[in-house]
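Take a look at the structure set out below.
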Amino acid sequence: MELIKLNHDEGRPDLMRVGVRAGIRGLAITASNYVGTIQFRSGRTVEILPKIGKDVGHRASREIFLRMLEEVMELDFKESGPSHIDTSRMPILEVFITRFIGYVQDVVRKGLASAYYDVESNERFLRGSVVFQQDIVLNAAHRERFYVSYQTYGLDRPENRLLKTALNLLYGLSRNSRNRRDIHSLLCHFDVLPSSTDIESDIDKISLDRNMRYYARALKWARIFLSKKSFNVFSGKEVSFAILFPMDELYERYVFSTLCRSIKGLKPVYQEQSFLFRDENGRRRVKIKPDIIVKDGSRCVAIIDTKWKRIFDEGDVDQSDIYQMFVYSARYQCQNAILVYPRVSDVSFRYSSDSIDMVLRNFNYNLEKPNLDALLAMVKESSGS
């Protein structure tokens, strides 16, 4: 209940609902299209996994969730971290921590990057330039000192501060002795560094040139753990840590990423912004943003909208989704419109419009055994490819 109250107090979208469910006595708490992990200060961990179908068990659902994260965030859950560690029985949060440790270990092996940075301090020796205003205030009675500003070369750069800050956070969160031991070992390499005092500012200052590309995966996860702008990360009086991913967004990005990786000769575009009207002054009005548009040059050959909804028969299809696809097809003058649902049944439909040249179909995406070839064939049907 404290998590639900925290959710409303912080003005977030509803993460959980309280209500009555068939077969359950009393009130039930239901996750509202969010997946991830919640760790309470008592040590208890709750995992929220994608609800796909009756025949998909806990283990398969967990594997699907991790595969989707791996695809969307360009991470590799198989290659990072010590290969002898079996993460299949670990809580998901510990899996995340284990993988982050692997990425940071890779950074340390290849060497922490150094950079020039500015320093202001009260010194016994004159170097750089004197900051006269501060020097007068601090050293009126200590003329043997100089308040100076200078540049030095070292490890104190935002990327390293963020990694240290994330390691310190996870050392307090982890309940796994191996993870805690590995984090403690890694922190020795960051001992001379301060932690980040302004996380968002340091995130904005991240600069990875070609010599620092090996930092990329570690910093992606550091941002997830540290930044509240990254999905939903929060804590409270009873909640030690929670990291929850909006399933609608994760699913649409997963479909887009797998489509980009597989399609040839056509260009998928993610959430292209367009407008339906112009007012009397020529200003554009009524913004629309389809999930995915597939283009052949400048021509739209398919409009795809992903829906994280379980469709067992045509009656489960929301009419608002059909209206939305009609608008998209009319705006882009595109005949081929596809609603992509997670596969829980074999229901299929094909609607032709009497008003515009448009065909609307559904595609059931098999998340256990991705059937992308069938989706690609559907996308290319009107492209001439």
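The values are calculated or read from the model by the stated rules, or taken from the named source; none is laboratory data. All values derive from a computational prediction rather than experimental measurement. When we count neighbours, we look across all protein chains shown, and the Cβ atoms used for this are built from the backbone with ideal geometry, even at glycine.
Summary table
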| item | result |
| --- | --- |
| Output for region 171-192, where each listed residue is modelled with pLDDT of 90 or more and among the aliphatic types (A, V, I, L, M) | 183, 186, 187 |
| Region 265-286, residues that are in contact (Cβ under 8 Å) with a residue 12 or more places away in the chain and surrounded by fewer than 10 Cβ atoms within 10 Å (Cβ to Cβ) | 265, 273 |
| Region 199-223 residues that are basic (Lys, Arg), paired with ones that are modelled with pLDDT of 90 or more (beta carbon under 8 Å, 6 or more apart) | 205/158; 217/103; 217/106; 223/162; 223/203 |
| Test for residue 278: is it touching a helix residue (DSSP H, G or I) at 6+ places or on another chain (Cβ under 9 Å) and basic (Lys, Arg) | no |
| Strands (runs of 3 or more DSSP E) enclosed by region 261-326 - at least 1 residues per element that are in contact with a Pro (Cβ under 6 Å, 6 or more places away or on another chain) | 292-296, 299-306 |
| Boolean, residue 328 is of a type in the set (Phe, Trp, Tyr) and closer than 22 Å to residue 67 by Cα | no |
| Tabulated pairs, region 173-194, first loosely packed, with under 12 Cβ neighbours inside 10 Å, second hydroxyl-bearing (Ser, Thr, Tyr), C-beta under 9 angstrom, 6+ apart or interchain | 184/171 |
| Qualifying residue in region 329-341 (condition: part of a loop (DSSP other than H, G, I, E, B) and either at pLDDT below 90 or hydroxyl-bearing (Ser, Thr, Tyr) (or both)) | no |
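Here's the yes/no breakdown for (1) modelled with pLDDT of 90 or more; (2) over 30 Å from the mean Cα position of the chain (by Cα); (3) farther than 22 Å from residue 246 by Cα:
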position	(1), (2), (3)
283	yes, yes, yes
302	yes, no, yes
317	yes, no, no
348	yes, yes, yes
